[in-house]
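FYI, it's all coordinate maths here, none of it is from the lab. Here the structure is a predicted model, which means the values were calculated and not measured. Here Cβ is always computed from backbone atoms with ideal geometry, including for glycine, and neighbour counts include all displayed protein chains.
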Amino acid sequence: EEATAKRKDAHLDLCATGDVEPQGNSTLLEDVRLVHCAMPEMAVDEVDLTTEFLGKRLRYPLLITGMTGGTERAGVVNRDLATLAERHGLAFGVGSQRAMAENPQLTETFQVRQVAPTVPLLGNIGLYQAVGMGVDGVRRLVEDIGADGIALHLNAGQELTQPEGDRDFRGGYKVVEGLVRAFGSRLLVKETGCGIGPEVARRLVELGVRNLDVSGLGGTSWVRVEQLRASGVQAQVGAEFSSWGIPTAAAIASVRRAVGPDVRLVASGGLRTGLDAAKVIALGADLAGTALPLFRAQQEGGLEGAEQALAVILSGLRQALVLTGSRSCGELRQKPRVIMGQLKDWLAAL
Ligand code: FNR
């Protein structure tokens, strides 16, 4: 448990200031253009971004995706960002609750209900940690923080770059099956920056998974984070794979095509602006997810710093809707868009 907490702090330090988004990694959202409408014939106030997630209403189709917990510093991050989610009507996820499972005293650092009583809240655990604790253990993680659901994270790339990481990835679908039985539509399966593709998405949906976060390439790279901590062979192989993954734009468009309209899809991984959020929604996401930018803004400027960073994102998202002449996400999805360059190649292959 000591080791888990230490690793978490090293991760936070690296994410706060390190080069965890390698140059050249791309979401391929730059290959998407929404089309300008010169005559929007609407007021900004008419934009209605409300949506539903985990049985609750959201004012914006945004999820602050799971990052942290387990240390005092992590507790502050969780409470500040959950405060913002409550204030603006967003969804919120805590980071991996593995440390809390190992040491229940750390539970408090994951608890945000005091500041975020009404937000759709996701717990978080890794696929292979869930094996160890079983369905009842996972249920306890959710209950102990008053969450509405659980995010199950997939991170084979990260594990392989981590000296102490997993080396056996067999039996994953079986675990998911058990969790679907226990949690139903309160289960979300997510990647951590390497992307979920249409093949895996289809299989997960066949097992009954109703919520997916594709978490694609182009933002925080967990292979990169581990590479910065690794040495020797692992550091070198980590460097080789720090741009590995399915770009977020390719992941969300291909997964939506593969699973049909009824699965709730989150797109995260490298979204940095409101316009990025609008683009993933146009490509088929129900919610846009973001992690690193709000974490960094919080580390630099506390709650108010994060508030300002979020205000820019929310304002950009509204503006993208107005300038495409869309009153809602549904209308935005009906508008024309241009798909160019590498994204076109990806979508032809997936
Ligand atoms: C993460 N992410 C993450 N994901 C997860 O499922 N469990 C976790 O514990 C963490 N921890 C974590 C810490 C920090 C500091 C960051 C920045 C990210 C991954 C995160 O939820 C998301 O999927 C990716 O980071 C992609 O989004 P961004 O960061 O590019 O916006």
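Structure note, pairs LYS190/LYS279; LYS6/LYS56; LYS174/LYS344: Cα-Cα distances above 24 angstrom occur for LYS6/LYS56; LYS174/LYS344.
Protection proxy ranking for 331-341, 98-108, using the average of other Cβ atoms within 10 Å per residue and placing the highest first: 98-108, 331-341. If you take the square roots of the eigenvalues of the alpha-carbon gyration tensor of region 41-124 and sort them as a ≥ b ≥ c, do you get rounded (a/c under 1.5), prolate (a/b over b/c) or oblate? Prolate. Taken about its Cα centre, the chain carries a charge dipole of roughly 780 debye when the Cβ of each Lys and Arg holds +1 and the Cβ of each Asp and Glu holds -1. Ordering THR118, THR273, THR192, THR324 from the fewest to the most neighbouring beta carbons within 10 Å gives THR118, THR273, THR324, THR192.
Helix-only arithmetic for the chain: the sum of -39500 (n - 2.57) across DSSP H runs with n ≥ 4, divided by the residue total, places the mean residue ellipticity at 222 nm at -15000 deg cm²/dmol. Evaluate the relative contact order of the chain (contact order divided by residue number), counting alpha-carbon pairs under 8 angstrom at least 6 apart; express in whole percent. Result for the chain is 22 percent.
Taking every DSSP bridge with both residues inside the chain, close to 20 percent are antiparallel. For a test of the definition: using alpha carbon positions, the gyration tensor, and the 1.5 limit on a/c, classify the chain as rounded, prolate or oblate. Cα axes put the chain in the rounded bin. How far is the Cα center of region 104-141 from the Cα center of region 268-282, in Å? First find each Cα centre; the distance between them is then 27 Å. Between region 336-350 and region 65-103, what is the separation of their alpha carbon centroids in Å? Taking the Cα centre of each part, region 336-350 and region 65-103 sit 35 Å apart. Here the dipole of region 1-141 is about 520 debye; that uses its Cα centre as origin and unit charges on the Cβ of Lys and Arg (positive) and Asp and Glu (negative). Charge dipole of region 221-268 (Cα centre as origin; +1 on each Lys and Arg Cβ, -1 on each Asp and Glu Cβ, all else neutral): 140 debye, rounded to the nearest 20. Rounded to the nearest 10 degrees, the inclination of helix 127-144 to the longest alpha-carbon principal axis of the chain is 80 degrees. When each of the peptides 276-282, 212-218 is scored by the mean number of other C-beta atoms lying within 10 Å of its residues, the order from highest to lowest reads 212-218, 276-282.
Packing here is the average count of other Cβ atoms within 10 Å per residue, and on that basis the peptides 247-254, 163-170, 224-231, highest first, run 247-254, 224-231, 163-170.
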